[in-house]
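A.B. asks: My structure is below; once you've seen it, I'll send some questions.
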Amino acid sequence: QVQLVESGGGLVQAGGSLRLSCAASGRIFSINGMGWYRQAPGKQRELVARITSGGATYYADSMKVRFTISGDNTKKPVYLQMKSLKPEDKDVYYCHVFRGGDNYWGQGTQVTVSS
């Protein structure tokens, strides 16, 4: 099992920045990749960004300019730096781990952007 603890969400004004953090514990060896997803009420969860065990990064097209994912998949937290936030970025953000064919999710952290 892999446990994920997220932090860093909150309320920010439009144009502001936030940094989300995700710390993994448990069976963290052989993690294939980590990432961030977000979900609004009534909508499907969507990919924000992910990073592979080799350090390659992938972003949703609409977020690649404003968001940056970084970190070590196992030894250190994985971060999502978000800048120039917009009201439409308001969502619950979930940390995700893919390991050995299994998916693991954090509990989610709320990001709210006021206009």
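A.B. asks: When you go through Y79, Y94 one by one, which is the residue that is of a type in the set (F, W, Y) and surrounded by fewer than 20 Cβ atoms within 10 Å (Cβ to Cβ)?
C.D. replies: Y79
A.B. asks: Can you tell me how many residues within segment 1-15 are in a loop (DSSP other than H, G, I, E, B) and closer than 26 Å to V97 by Cβ?
C.D. replies: The number of residues fulfilling the criteria is 3.
A.B. asks: Could I ask something else about it? Tally time: how many residues in segment 80-115 are closer than 23 Å to N32 by Cα and out of contact with any Lys or Arg (no Cβ under 6 Å at 6 or more places or on another chain)?
C.D. replies: Number satisfying all stated conditions: 17.
A.B. asks: Right, next: Could you say which residue among A23, A49 is at pLDDT below 95, small (G, A, S) and not in a loop (DSSP other than H, G, I, E, B)?
C.D. replies: Criteria check complete, one pass: A23.
A.B. asks: A follow-up question, please. Would you check which residues across segment 35-63 are in contact (Cβ under 8 Å) with a residue 24 or more places away in the chain and more than 16 Å from M82 (Cβ to Cβ) and list them?
C.D. replies: Across segment 35-63, the qualifying residue is only R45.
A.B. asks: Mind listing whichever residues of segment 61-76 are over 28 Å from F29 (Cβ atoms) and surrounded by fewer than 16 Cβ atoms within 10 Å (Cβ to Cβ)?
C.D. replies: Across segment 61-76, the qualifying residues are D61, S62, K64, V65, R66.
A.B. asks: Regarding V12, is this residue among the hydrophobic types (A, V, I, L, M, F, W, C), surrounded by 15 or more Cβ atoms within 10 Å (Cβ to Cβ) and modelled with pLDDT of 95 or more?
C.D. replies: yes
A.B. asks: Taking segment 27-37 on its own, how many of its residues are crowded, with 21+ Cβ neighbours inside 10 Å and either farther than 11 Å from Y93 by Cβ or touching a helix residue (DSSP H, G or I) at 6+ places or on another chain (Cβ under 8 Å) (or both)?
C.D. replies: Going through segment 27-37 one residue at a time, the tally reaches 1.
The values are calculated or read from the model by the stated rules, or taken from the named source; none is laboratory data. Being a predicted model, the structure only gives us computed values, none of them experimental. Don't worry about glycine lacking a Cβ; one is built from the backbone with ideal geometry, like all the others, and counts go over all protein chains shown.
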